[in-house]
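Undergrad: Right, I'll just put the structure down here and ask away after.
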Amino acid sequence: MHHWLESILGYNPELPMIFTRSAFWWFFAAVLAGYSLIYQRQSWRNAYLFFVSLFFYYKTAGLFFLLLLFSTAADYGLGQLIHRSQGRWRMAYLWTSVALNLGILAYFKYAYFFTESYNALFHTTLKPLNFLAYWANGIAGTHFDIDTIVLPIGISFYTFQKMSYIIDVYRKELEPVTNFLDFGFFVTFFPQLVAGPIVRASHFIPQMYKPYQLSEAEFGAALFLVLKGLLKKMLISDYISVNFVDRVFAHPSAYTGFEALMACYGYSLQVYCDFSGYTDIAIGLSLVMGFRLPPNFNEPHKAENVAEFWRRWHISLSNWLRDYLYIPLGGNRFGEWRTNFNIMATMLLGGLWHGASWNFVIWGGLNGLALLFYRYWRRISPFKDDQRWWVMLASVFITFSFITFTRIFFRASSFELALEMIEKLSGGVELMLTPKIVSSYLGVFAIMLLGFFWQWMPSAWKEYGKATFVASPMYAKAAFAALVVFVVYQAISADMQPFIYFQF
């Protein structure tokens, strides 16, 4: 009995509560059971979802739920102060919130990056110190490791979400939430807490005060999204990751140029299926509970240029960077050179948001340069607005290939490995070995082919499949769900793969 309670209530860093583990689905079933008793009472519903979301984060990130609770309480109070204050005090409270949020994010996410860069520049030997562990050891006599700083899961997402709320309150575009439990629910809502989408307060908070509503068609759409997300993540992303992509990126020199090329394209497919799969599940689960989250992807690999790609990929982050960084920097209002600077600054900081590594800065910089190139190319391009199929196909292929190339820096664990992968690609693809390689990885390439077909099939086909599922009787939905669960179970790898964006 004691072991059973410990497994339910305790935190195990080796078994975080994520969508691909059965423990999460038992948790979600229990949440729905309790939710069914109080969902019609708005104040109870918000408080209930706040507390179960905190428990979810505790099961996912351990005692870091206290950090989340602290920063949430701080921004709740600062939001109230901003709303009630005038003049310089409003600005002071705004900057207090920004400094607190970015300071916490910088400490946990960038302490090693900044320290190592400083040491390399000034030839020092400084080391980051885990102050929380140091203080806890001094106060409570614990023995936490003070030399290791662990990145809390989802900190980049919930930090940006809280910052957008504070900035919107400061701009008087949003009335602050008056109940702390309601605000806590907005920040911690568990389906999207650890990997987005980044939800705007102006979009989500009004829903918190509306009666629960879910039509039969919406339930069907929610179930469709969840099943689609599981297939993307576990059938496609995890399978090609474990059986091919991870191996090649770990030791590029041990593989042929063709294998390196396929690993690069495979990673583009993997990261899309992984991240969009997560958001599909998050949006579907939220809809079941009566909350509608914004879409985060719009078939990004069908983009015909880099600017269009960034309007389709990780939409909630792209919009956040546009509204809270690019436009405040001046956007395109102050001439050509200032616009170019703002684009590059936004993309470089967007790259750094993804990870504390120069690889991510390079990745952001390459995308920034591509956006600048496209700004000028579209003015002189002979193919502008050309709707011929081969022009559109070539545009999609070039854009996808460029995005895939930049992701070498996104995926490689070091700058040296990224260069090693590029060197392997530059040596050619050894076409004579291709048939043998394909036969050796037949299962992997078959799954990759399925994944690419899925993402590039006509949108009308996808909508037809979704509409057919939604309109089908409940027994048909249940049968299809059982089939998906069976397929996913067969595809499960020995080591459960975390979602890629959990590290950000």
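The values are calculated or read from the model by the stated rules, or taken from the named source; none is laboratory data. Keep in mind that what you see is a predicted model, and the values were worked out from it rather than measured. Note that we place each Cβ from the backbone using ideal geometry, even for glycine, and neighbour counts take in every protein chain shown. For accessibility, only protein heavy atoms count, side chains too; no ligands or nucleic acids. Shrake-Rupley method; radii C 1.70, N 1.55, O 1.52, S 1.80 Å.
Undergrad: Exactly one condition in (1) among the polar types (S, T, N, Q); (2) surrounded by 18 or more Cβ atoms within 10 Å (Cβ to Cβ); (3) not in a helix (DSSP H, G or I) is not met by GLN86; state its number.
TA: (2)
Undergrad: Given the conditions (1) in contact with a Leu (Cβ under 7 Å, 6 or more places away or on another chain); (2) over 21 Å from TYR501 (Cβ atoms); (3) of a type in the set (Ser, Thr, Tyr), report the number of the one that THR124 does not fulfil.
TA: Unmet for THR124, out of (1) in contact with a Leu (Cβ under 7 Å, 6 or more places away or on another chain); (2) over 21 Å from TYR501 (Cβ atoms); (3) of a type in the set (Ser, Thr, Tyr): (1).
Undergrad: Take the stretch 226-258 and flag every residue that is open to solvent by 50 Å² or more (accessible area, probe 1.4 Å), among the hydroxyl-bearing types (Ser, Thr, Tyr) and either under 19 Å from LYS424 (Cβ atoms) or assigned to a loop (DSSP other than H, G, I, E, B) (or both).
TA: SER253
Undergrad: Enumerate the helices (runs of 4 or more DSSP H) found wholly within the stretch 276-361, keeping only those where 2 or more residues are touching a residue at least 40 places away in the same chain (Cβ under 8 Å), over 19 Å from SER202 (Cβ atoms) and aliphatic (A, V, I, L, M). Spell out how you get there, then give the answer.
TA: On the way: elements: 306-312, 315-321, 336-354.
Because the criterion is at least 2 residues that are touching a residue at least 40 places away in the same chain (Cβ under 8 Å), over 19 Å from SER202 (Cβ atoms) and aliphatic (A, V, I, L, M), the helices (runs of 4 or more DSSP H) in the stretch 276-361 that meet it are 306-312.
Undergrad: Right, next: So TRP461 fits all but one of (1) among the hydrophobic types (A, V, I, L, M, F, W, C); (2) farther than 30 Å from GLY364 by Cβ; (3) in contact with a Cys (Cβ under 9 Å, 6 or more places away or on another chain); what number is the exception?
TA: Against the list (1) among the hydrophobic types (A, V, I, L, M, F, W, C); (2) farther than 30 Å from GLY364 by Cβ; (3) in contact with a Cys (Cβ under 9 Å, 6 or more places away or on another chain), TRP461 comes up short only on (3).
Undergrad: Go through the stretch 332-374 and report how many residues are among the basic types (Lys, Arg) and open to solvent by less than 40 Å² (accessible area, probe 1.4 Å).
TA: As a first pass, look at the stretch 332-374 and keep what is among the basic types (Lys, Arg): 333, 338.
Imposing the further condition that a residue be open to solvent by less than 40 Å² (accessible area, probe 1.4 Å) reduces the set to none.
Of the residues in that region, 0 qualify.
Undergrad: From LEU352, LEU329, grab the single residue that is closer than 19 Å to ILE500 by Cβ, among the hydrophobic types (A, V, I, L, M, F, W, C) and modelled with pLDDT under 95. Spell out the reasoning first.
TA: Details: LEU329 fails: closer than 19 Å to ILE500 by Cβ.
Just a single option satisfies the conditions, and that option is LEU352.
Undergrad: Any residue in the stretch 121-135 that's closer than 27 Å to LEU66 by Cβ and modelled with pLDDT of 85 or more: show its pairings with residues that are not β-branched (Val, Ile, Thr) and not in a helix (DSSP H, G or I) at Cβ separation under 9 Å, as long as the two are six or more apart or on different chains.
TA: From residues that are closer than 27 Å to LEU66 by Cβ and modelled with pLDDT of 85 or more, the pairs are LYS127/ASP147; PRO128/ASP147.
Undergrad: State all residues of the stretch 148-182 that are within 14 Å of the chain's Cα centre (by Cα), farther than 23 Å from ALA47 by Cβ and of a type in the set (A, V, I, L, M, F, W, C); if no residue qualifies, say none.
TA: Within the stretch 148-182, ILE153, ILE155, PHE160 meet the criteria.
Undergrad: May I pose another question? When only residues in the stretch 14-30 that are part of a loop (DSSP other than H, G, I, E, B) and open to solvent by 80 Å² or more (accessible area, probe 1.4 Å) count, which is nearest to LEU230 (Cα to Cα)? Talk me through it step by step, then tell me what you get.
TA: So in the stretch 14-30, the residues part of a loop (DSSP other than H, G, I, E, B) come out as 14-21.
Going one step further and asking which of them are open to solvent by 80 Å² or more (accessible area, probe 1.4 Å), we end up with 14-15.
Values: GLU14: 21, LEU15: 18 Å.
For the stretch 14-30, the residue satisfying everything is LEU15.
Undergrad: Could you tell me how many of the residues in the stretch 198-225 are under 18 Å from VAL288 (Cβ atoms) and buried (at least 24 other Cβ atoms within 10 Å of the Cβ)?
TA: Total meeting the criteria: 1.
Undergrad: Can you name the residue in the stretch 259-298 that is among the charged types (D, E, K, R) and within 30 Å of SER439 (Cα to Cα) and is also surrounded by the fewest Cβ atoms within 10 Å (Cβ to Cβ) among such residues?
TA: GLU259
Undergrad: So how many residues does the stretch 353-395 have that are within 29 Å of the chain's Cα centre (by Cα) and among the β-branched types (Val, Ile, Thr)?
TA: First pass over the stretch 353-395, keeping only residues within 29 Å of the chain's Cα centre (by Cα): 353-375, 392-395.
Filter again for among the β-branched types (Val, Ile, Thr), leaving 361-362.
Within the stretch 353-395, residues that are within 29 Å of the chain's Cα centre (by Cα) and among the β-branched types (Val, Ile, Thr) number 2.
Undergrad: Restricted to the stretch 37-71, and to residues that are in contact (Cβ under 8 Å) with a residue 12 or more places away in the chain and over 20 Å from PHE27 (Cα atoms), which residue is surrounded by the most Cβ atoms within 10 Å (Cβ to Cβ)?
TA: LEU68
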